[in-house]
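Structure, as structure tokens:
The values are calculated or read from the model by the stated rules, or taken from the named source; none is laboratory data. Quantities reported herein were computed from a predicted structural model and do not represent experimental measurements. Here Cβ is always computed from backbone atoms with ideal geometry, including for glycine, and neighbour counts include all displayed protein chains.
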């Protein structure tokens, strides 16, 4: 291979890796402080205010149903989705007024857990399996932990991707604390 061919291949690989990184979704929970058609100011779980630009094609839901920006009011509990390539641009806003949890959040207990797979049982006794990836955030009583720290019958909340409910993006386990944050 010529040096030019190698350089083009390395550049193309870097562009593909960058595009894949930019396509990663991350979510942030909090409450609306103010919202307009172009900007969202929210208070995060940490109590700090964060400002986001709202993408023109952003999807918005309230209690699992499509809504408009004017349907989302101050103090409404929200989960925003951003792409890691532009963490200030919101692509999805989920609002909660009546439903207890977000649409892609599941509460239950651990049945079994390995480093790559979680089997859980929901409140109705139905079992669900979720893949665990290197990007899955796992906490036990609010502190970072590993999949191996999750024990059978432990109370958990699992957050999945909107696009693939079989992949866990976050697992929150409660052992000592009585309720989720």
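Between 134, 173, the distinction of being part of a strand (DSSP E or B), more than 19 Å from residue 30 (Cα to Cα) and touching a helix residue (DSSP H, G or I) at 6+ places or on another chain (Cβ under 8 Å) belongs to 173 only. Take the conditions (1) in contact with a strand residue (DSSP E or B) (Cβ under 8 Å, 6 or more places away or on another chain); (2) closer than 30 Å to residue 59 by Cα; (3) at pLDDT 85 or above; residue 115 misses just one of them, which is (2).
Residues checked against (1) under 22 Å from residue 137 (Cα atoms); (2) in contact with a helix residue (DSSP H, G or I) (Cβ under 9 Å, 6 or more places away or on another chain); (3) modelled with pLDDT of 90 or more:
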{"residue": "3", "(1), (2), (3)": "no, no, no"}
{"residue": "37", "(1), (2), (3)": "no, yes, yes"}
{"residue": "82", "(1), (2), (3)": "yes, no, no"}
{"residue": "86", "(1), (2), (3)": "yes, yes, no"}
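For the stretch 123-162, a tally of residues being at negative phi and out of contact with any strand residue (DSSP E or B) (no Cβ under 8 Å at 6 or more places or on another chain) returns 4. The condition of being in a loop (DSSP other than H, G, I, E, B) and closer than 26 Å to residue 42 by Cα holds for only one of 74, 152, 89, that being 74. Taking only the stretch 37-71 into account, find how many residues are outside any strand (DSSP E or B) and free of Cβ contacts under 8 Å to residues at least 40 places away in the same chain. Qualifying residue count, the stretch 37-71: 12.
Just one residue in the set 46, 71 is outside the structural domain of residue 164 (by TED's automatic domain parsing) and at pLDDT below 90; that residue is 46.
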